[in-house]
1. Just want to confirm a number: the relative contact order over the chain, from Cα pairs under 8 angstrom separated by 6+ residues, in percent.
2. Taking the alpha-carbon distance from residue 396 and a cut-off under 23 Å, which lysines remain once sequence neighbours fewer than 8 residues away in the same chain are dropped?
3. Enumerate the amide H contacts of residue 253 below 5 Å, restricted to partners 5 or more residues apart or on another chain; note that Pro and chain-start residues carry no placed amide H.
4. For the stretch 168-180, in order, what is each residue's ³J(HN,Hα) by Karplus, 6.51 cos²θ - 1.76 cosθ + 1.60 with θ = phi - 60°, in whole Hz (x at glycine and Pro)?
5. Counting alpha carbon pairs within less than 8 Å and at least 6 residues apart, what relative contact order, in whole percent, applies to the stretch 154-271?
6. Distance between Cα centroids, the stretch 151-187 to the stretch 236-276: provide it in whole Å.
7. Just want the answer: with Cβ charges of +1 for Lys and Arg and -1 for Asp and Glu, which residue in 115, 282, 293 is farthest toward the dipole's positive end in the chain?
8. Would you order 82, 203 from fewest to most other beta-carbon atoms within 10 Å of each residue's own beta-carbon?
Amino acid sequence: MATELKVQHVTENSFDIARQQLRAACEALNLPSGVYEILKEPARVYVVSIPVKMDSGEVKTFIGYRAQHTDVTGPTKGGIRFHPNVTLDEVKALSMWMTMKCNLVGLPYGGGKGGVVVNPKKLSQRELEQLSRGYIRAIVDAIGPDRDIPAPDVYTNAQVMGWMMDEYSKLAGCCSPGVITGKPLAVGGSLGRNEATARGCVFTVREAAAKLGLDLSQATAIIQGFGNAGSVAARLLNELGVTIVGVSDSQGAVYNPAGLDPYALAEHKAATGSVKGFAGGTDVDGDGLLEMPCDILVPAALENVITAGNAERIQARIVAEAANGPTTPEADEILFRRGVTVIPDILANAGGVTVSYFEWVQNRMHFYWTEEEVNQRLERMMVEAFCKTYEMSREKQVNMRLAAYMVSLDRIAKAMAARGWI
Ligand code: GLU
């Protein structure tokens, strides 16, 4: 046991971390051992190869994964990421986090996640389309509106979802928008879906700030990652009066204690491919940015960026995890001890899958909501999930992550008992 834990910390393997978090919450709730036994492995994992004829005429094969963690509370649900460092263990961890996220918010889903090992920035549009379609052909029997419903994740977007929905529909022989969410509006996407992850995150920041007595109009924020979640979070926080003092992406970082204009920064990134070199700020080191002074830190990129190596030096009062898995368990302990409020990923970024759920419901009803309706429902569900988590953390004197797992697992365990699994 001791050796096992040591290895986990050294390797920072996301799946080991996810299991560790799961086990801690099962123990804290004193759940029957069957709950952990069932959830410690995904129910199904697919590993596929996807041959793509490249623009050069040469054929290249890409590796794709899909993990379906559990369908105890409904069909599995979760995004697909295209990234050169995707691994099977990472996808398994992300699928487990999706189970926890969906159940924390009370969605009728279990967790799933997919990934393809590729750097999509190096593909042409035609190659990207062929890869997206090839991935769906490879997993077509495993997905479906009542089986497993993918969505966007790191480096995938609405266009990729549109191609995937089309490929599935062609193979199914009928138009099937409910198989995937995060689609373009023209093929059954939902208003508000693009902004949903960031909007949900900002609702949780607002709630946390109110509990801490932090006046947002006087507060500062640093955003790590300027993709779909980070760039919109910067804009929405700014609308609440928060000064965005630092932003980073995979290429570099900019800092300005007087504030960065999120709109101008987005334009600069669209034009140059990065936030670095932005005239409204000074270029700084990306890793160092996390440790610079701010009230709110929003990691909005990849896993394992807040670790035992930097957690002591984080200056923020609130860490809002727009990304999945940005904080290691050791860092979690350090931040908790130092009184930093961490709004855990399964809560802070649950807005994305929540509006995905709304999209799926609209697809099934063939009846579409206004953006206002979507945003109001999102706000209600995010505030409720925040309050349940906050109350649990107070009642049991545990950090917000463990509390969120406990709220979620309570629902999962009830479903398992009702189905006779435990
Ligand atoms: N990829 C997002 C997440 O990690 C959204 C998943 C979804 O909408 O199904 O939560």
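1. Working: 886 pairs, mean separation 69.0, N = 422.
The value is 16 percent.
2. 101, 211, 388, 414
3. When sequence neighbours closer than 5 places are left aside, the close amide H contacts are 284, 286.
4. Calculated HN-Hα couplings, in order: 4, 4, 4, 6, 7, x, 7, 5, 10, x, x, 7, 8 Hz.
5. On the way: 137 pairs, mean separation 19.4, N = 118.
Normalised by residue count, the contact order of the stretch 154-271 is 16 percent.
6. Centre-to-centre (Cα) distance: 30 Å.
7. 115
8. Values: 82 27, 203 23.
Listed from fewest to most nearby Cβ atoms, that is 203, 82.
The numbers here are math on the coordinates, done by the rules we state, and not lab data. This one's a predicted model, so the numbers in the text were calculated from it and none came from an experiment. Please note: Cβ atoms are built from the backbone with ideal geometry, for glycine as well, and neighbour counts cover all protein chains shown.
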